[in-house]
1. For residues that are under 11 Å from the mean Cα position of the chain (by Cα) and under 20 Å from Cys70 (Cα atoms), scanning just the range 93-120, find the one that is most open to solvent (accessible area, probe 1.4 Å).
2. Can you tell me which condition Asp57 does not meet? The list is (1) touching a Leu at 6+ places or on another chain (Cβ under 9 Å); (2) at pLDDT below 75, and all the others hold.
3. Restricting attention to the range 138-156, does a residue exist that is on the phi < 0 side of the Ramachandran plot, out of contact with any Cys (no Cβ under 7 Å at 6 or more places or on another chain), modelled with pLDDT under 75 and surrounded by 11 or more Cβ atoms within 10 Å (Cβ to Cβ)?
4. Have a look at Ile24, Ile37, Ile9, Ile76 and point out the one that is within 27 Å of Asp152 (Cα to Cα), at pLDDT 85 or above and not hydroxyl-bearing (Ser, Thr, Tyr).
5. Among (1) open to solvent by 90 Å² or more (accessible area, probe 1.4 Å); (2) modelled with pLDDT of 70 or more, where does Ser29 come up short?
Amino acid sequence: MPNLIKEYIDITDQVKHLIEPKQIVFPSSYAELFSSIAHSKEIDITPEQLLTHEMLDERMVRYVVTLSECTEEALIAIETSNQEMLKTVMLKAKQLQEEVESLQKIVYEDTLTHTLNRKWFDDKLLDHSKIKLRECGRLVMVDLNRFKEINDTYGHIVGDKVLAFVALKLKEL
């Protein structure tokens, strides 16, 4: 998987280089370029497929293995009343918790605006058993009128900057 990820990054870099001089890039154009370069490298994948792949597989497997080991060790430590082993399990569990929190940030934070994304909204707010809207602080949903015109006129790079600026200003409120 790591070599394939490196290939995806290389393809993405090539596409970015090709689209950089263009003022407007439509998703279909990006997809065609990506697929074309991937095909030339004999990689049969499209950007849409790439987005659905679990790019965090390697980390997730490591976390699951660590969690499994911790669980086994904890059970043994509890059965044998081994306090030293329990302390070791506790340390591993805390490290794992920190790593999971960093993963949650990757999953739930929009990389452009550094705000919580739709997945967070769906997972955390819409699941009433976990959290209630009034206990969360602020929730701001914004529809930028004619934002498509900004992207179409000035390009997605400028559009991204507008989104980041709006998010920054909303955070200041």
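The values are calculated or read from the model by the stated rules, or taken from the named source; none is laboratory data. Please read these numbers as outputs of a predicted model, since none were measured by experiment. Neighbour counts run over all protein chains shown; Cβ positions are idealised from the backbone, glycine included. Heavy atoms of the whole protein, side chains included, go into the accessibility calculation; ligands, DNA and RNA do not. Shrake-Rupley method; radii C 1.70, N 1.55, O 1.52, S 1.80 Å.
1. Within the range 93-120, the match that is most open to solvent (accessible area, probe 1.4 Å) is Ser102.
2. Unmet for Asp57, out of (1) touching a Leu at 6+ places or on another chain (Cβ under 9 Å); (2) at pLDDT below 75: (1).
3. Taking every residue of the range 138-156 in turn, none turns out to be on the phi < 0 side of the Ramachandran plot, out of contact with any Cys (no Cβ under 7 Å at 6 or more places or on another chain), modelled with pLDDT under 75 and surrounded by 11 or more Cβ atoms within 10 Å (Cβ to Cβ).
4. Of the residues listed, the single one that is within 27 Å of Asp152 (Cα to Cα), at pLDDT 85 or above and not hydroxyl-bearing (Ser, Thr, Tyr) is Ile37.
5. Tallying (1) open to solvent by 90 Å² or more (accessible area, probe 1.4 Å); (2) modelled with pLDDT of 70 or more, Ser29 fails exactly one: (1).
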